[in-house]
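Novice: Got a structure for you, questions after.
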Amino acid sequence: VERMPAGEHRDALDAIVLVGTGRAVEGDIKVPTGTGQFGLHADLLAQIRSCLAQGPMAFEDLRRLPALSGQPLPETLQAVAFLMSAGLAHPAPSATPSPAAIAASKAQNAAIGGQNARGWAMSTLDAHALGTGLRGDIPETMTLAERLAGQDGAEAIAERLVLHLARSGRNVVKSGAPITDPDAARAEMVATVSRMLTERSDVWRRLGMLP
């Protein structure tokens with residue numbers, strides 16, 4: 001096997017696009033290995049997450065961040081490995097999802113949310129533009145499905161989710177405990193859906209999961 005020239009290797013890496021998954025994490029990233037734990041410092045993580053929150057980020061832009069500029073190329077590669085290991089970012093073929101990828105994700109996620117509304121418990125969402133699935137809890141899968149069906153108000157979506165849960169013999173849950181009071185359950189679901197629409201809608205669009 002012939003080694004790729006250094007310049008070509010860097011150019012190929014620079015063309016890689018990273019998309020943030022919107023997953024929350026606090027402090028340093030720690031990844032266990034056979035020789036101990038290795039981490040990504042919180043200061044560098046904050047710089048990267050700030051950029052990813054604005055949209056997809058090229059590998060070239062990543063290595064030009066103040067904390068990585070002037071550092072050997074393996075330092076940036078290690079940062080990417082940590083981001084992927086922690087589920088914070090994923091490589092994508094391009095910065096803009098194709099119409100075909102968006103359509104495929106829409107169909108799959110509508111089906112996942114629909115099945116969960118009937119009592120299933122699938123906790124993975126389709127991110128076709130990335131060629132992968134992303135972890136999502138039951139309310140998120142059902143909320144995304146409602147958005148894909150044209151619903152956009154938190155209260156309307158929450159009402160439908162509470163109804164779906166009741167029909168399948170489930171309760172709204174808070175801190176691991178079911179909420180049996182109908183008004184309290186509805187209020188908790190409205191708060192949950194409102195938070196998801198605020199925090200996840202832009203992420204869903206960046207990942208090609210929401211048109």
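Novice: Please tell me the relative contact order of segment 91-175 in percent, rounded to the nearest whole number, where contacts are Cα pairs under 8 Å and at least six residues apart.
Specialist: Numbers: 96 pairs, mean separation 24.9, N = 85.
After rounding, I find 29 percent.
Novice: So, by mean Cβ neighbours within 10 angstrom, what's the order for 156-169, 127-140 with the highest one leading? Let's see the in-between values first.
Specialist: On the way: 156-169: 17.1, 127-140: 19.0.
Highest-to-lowest ranking by the protection proxy: 127-140, 156-169.
Novice: Ok, one more. According to the square roots a ≥ b ≥ c of the eigenvalues of the Cα gyration tensor, what is the shape class of segment 127-181, taking rounded for a/c under 1.5, prolate for a/b larger than b/c otherwise, and oblate for the remainder?
Specialist: Values: a/c = 2.61, a/b = 1.51, b/c = 1.73.
Verdict is oblate for segment 127-181.
Novice: In percent, what relative contact order does the chain have, based on Cα pairs under 8 Å that are 6 or more apart in sequence? The partial results should precede the final answer.
Specialist: Numbers: 279 pairs, mean separation 42.6, N = 211.
Relative contact order here is 20 percent.
Novice: Roughly how many Å² is the accessible area per residue of segment 49-101, as a whole number, for a 1.4 Å probe? It would help to have the intermediate numbers written out before the result.
Specialist: Details: 2760 Å² over 53 residues.
Roughly 52 Å² per residue, with all protein chains present.
Novice: Can you give the angle from 0 to 90° between the axis of helix 182-206 and the longest principal axis of the chain, with both taken from C-alpha atoms, to the nearest 10?
Specialist: So the inclination is approximately 30 degrees.
Novice: Also, I was wondering about something else. Looking at ALA100, GLY114, SER50, which one has the Cα that reaches farthest to the positive end of the dipole of segment 50-129 (charges on Cβ: Lys, Arg +1; Asp, Glu -1)?
Specialist: Toward the positive end, the furthest listed residue is GLY114.
Novice: Also, quick follow-up: Report the local net charge at ALA111: Lys and Arg +1, Asp and Glu -1, summed over other residues whose C-beta lies under 12 Å from its C-beta. Each step should come with its number before you reach the end.
Specialist: Numbers: positive: LYS106, ARG118; negative: ASP126.
Residues near ALA111 contribute +1 overall.
Novice: A further question on this structure: Can you check what the net charge comes to around LEU62, using other residues whose Cβ is under 15 Å from the Cβ of LEU62 (Lys, Arg +1; Asp, Glu -1)?
Specialist: Working: positive: ARG10, ARG49, ARG63, ARG64; negative: ASP11, ASP14, ASP43, GLU60, ASP61, GLU75.
Here the charged neighbours net out to -2.
Novice: Further question: Roughly how many percent of the accessible protein surface of segment 1-154 is carbon and sulfur, given a 1.4 Å probe and a whole-percent answer?
Specialist: Details: 4490 of 8440 Å².
Taking all protein chains in place, segment 1-154 shows 53 percent carbon and sulfur surface.
Novice: Another one. What Kirkwood hydrodynamic radius, in Å, does the chain give when the mean of 1/r is taken over all pairs of distinct Cα atoms and then inverted? If you can, show how the numbers build up before the last one.
Specialist: On the way: mean 1/r = 0.0528 Å⁻¹.
So the Kirkwood estimate lands at 19.0 Å.
Novice: So what's the convex hull volume per residue for the Cα atoms of segment 142-211, in Å³? If you can, show how the numbers build up before the last one.
Specialist: Details: hull volume 6.3 nm³, N = 70.
Here the figure is 90 Å³ per residue.
Novice: Helix 99-117: angle to the longest alpha-carbon principal axis of the chain, degrees 0 to 90, nearest 10?
Specialist: Approximately 40 degrees, to the nearest 10.
The values are calculated or read from the model by the stated rules, or taken from the named source; none is laboratory data. Bear in mind the structure is a predicted one, so any value in this text is a computation, not a measurement. When we count neighbours, we look across all protein chains shown, and the Cβ atoms used for this are built from the backbone with ideal geometry, even at glycine. SASA here: full protein model, heavy atoms, side chains in, ligands and nucleic acids out. Shrake-Rupley method; radii C 1.70, N 1.55, O 1.52, S 1.80 Å.
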